[in-house]
Amino acid sequence: MQNKDLKDIDVGRDARKGFGSLLKKSAPFLGLFFMIAGLVWLIDFLLSYIGAGTVLLTLLILGAIVVPFYFAAIVCSFLEKGGRTTRAGDYFKTAGLYYSPSFFGSFRILRSILFSFLVSLIVYFIFSFFYATFSKYFDPNLVNDIDQFYAYLMSGDTEAASKFLTDSASITMFSRMASFAMDAGFTLSFIYFLGRYTIMVFIRDAMVTPDSRIVNAAYKEALKYRTKGYNSDFFKATWWVYLILLVFYAGGAVTGYILLKESAYVGILMNLVGLGFMIIPLTILIPYYVLAMDLLFAKHKEAFVKATIDLARRAFEELKYMNQIGEEDAKKYEEALKEAEDSLMKGPQNPDVFDAEATEKDPDEDNKEE
């Protein structure tokens, strides 16, 4: 496909065409991802059920266990797309590669958590405002109960305020609904950022010597100054994914509330059940994300490559300005930059990046070597 044709790619449409085929090829390790994510979810659910689960624990589990296996599912699906068969051993080996210098930080987890938390706070305040504003149509007691609660607080009777807060059905329902909105805002925005940064894996694949800082800088540089239509392409290709996830999350939360409404921790548990429901479509749609990100990178590859070369050239110009590089070396550096740009634009994928070798060597290969 020529560069001029890449601009005409409809990312979502073309990704949907190959989705069914890649889903079948990826089914074995997607099953592994589903079981691992399900086991992690079950542990977190049981801890929360007995009152020992915490938000911090959930985030640590996500970052330390689930994200590397999500990374492995992305990589293995990409290998299958390229015609390379992967085994269970390859999947677990690739998960370990996430913590290598080349890949650690691919999804910018800390940044994603921070921004997701900010989104959840915004969702919480917006939801609370509209819930309280329109509560007169479906729960006229809410405003009066809130006023009474604050009256107890202002009078210094904290014991009566606490008891009233517990006994008020209106405030309890409002609290649970607001908590659901906040948790949903965090969960969906985190998955959004996780999906958006998945393209980092494809950028690293194009780099001759992958480095987290260079890739992150190239990504920001390209999106800020060079890409045209990247955000709209990403949105058009993925908006319906988050709608599906929201439907499963909401359905699971409602189911959790119905089944566990007598529990003292129902607010936490209903959201965890929603999260559990969401693992199903999240797992199934990983191959679609692989296809979409691969097409998105192909369509905007020039921008990412140019951004990478520009960063290197700026560093080179700084060395020249500080007289830390000679004229002969400067000429060689310029030639190397040009060669690197040509290589990144048309060269093959770097085999060292996705080196998920089979755990068992084919005996025929040994015979050939002999």
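If you check GLY195, GLY185, GLY252 for being over 19 Å from ILE109 (Cα atoms), at pLDDT 80 or above and either within 16 Å of the chain's Cα centre (by Cα) or not hydroxyl-bearing (Ser, Thr, Tyr) (or both), only one passes: GLY252.
Among what's in region 237-265 and is of a type in the set (S, T, N, Q) and in contact (Cβ under 8 Å) with a residue 24 or more places away in the chain, pick the residue that is farthest from PHE180 (Cα to Cα). Top of the filtered list is THR238. Might you let me know whether region 56-74 holds any residue that is part of a loop (DSSP other than H, G, I, E, B), surrounded by fewer than 17 Cβ atoms within 10 Å (Cβ to Cβ) and modelled with pLDDT under 85? No, that holds for no residue. Select from region 157-182 the residues that are hydrophobic (A, V, I, L, M, F, W, C) and over 26 Å from the mean Cα position of the chain (by Cα) and write down the one among them that is surrounded by the fewest Cβ atoms within 10 Å (Cβ to Cβ). Within region 157-182, the match that is surrounded by the fewest Cβ atoms within 10 Å (Cβ to Cβ) is ALA169. Looking across region 222-249 at every residue that is modelled with pLDDT of 90 or more and out of contact with any Leu (no Cβ under 8 Å at 6 or more places or on another chain), the one that is surrounded by the most Cβ atoms within 10 Å (Cβ to Cβ) is identified as THR238. Considering only region 262-310, state which residues are hydroxyl-bearing (Ser, Thr, Tyr) and modelled with pLDDT of 90 or more. Listed by number, the residues that qualify are THR283, TYR288, TYR289.
The values are calculated or read from the model by the stated rules, or taken from the named source; none is laboratory data. Fair warning: this is a prediction, and the values are worked out from it, not measured in the lab. As a convention, Cβ positions derive from the backbone with ideal geometry for all residues, glycine included, and neighbour counts pool all protein chains shown.
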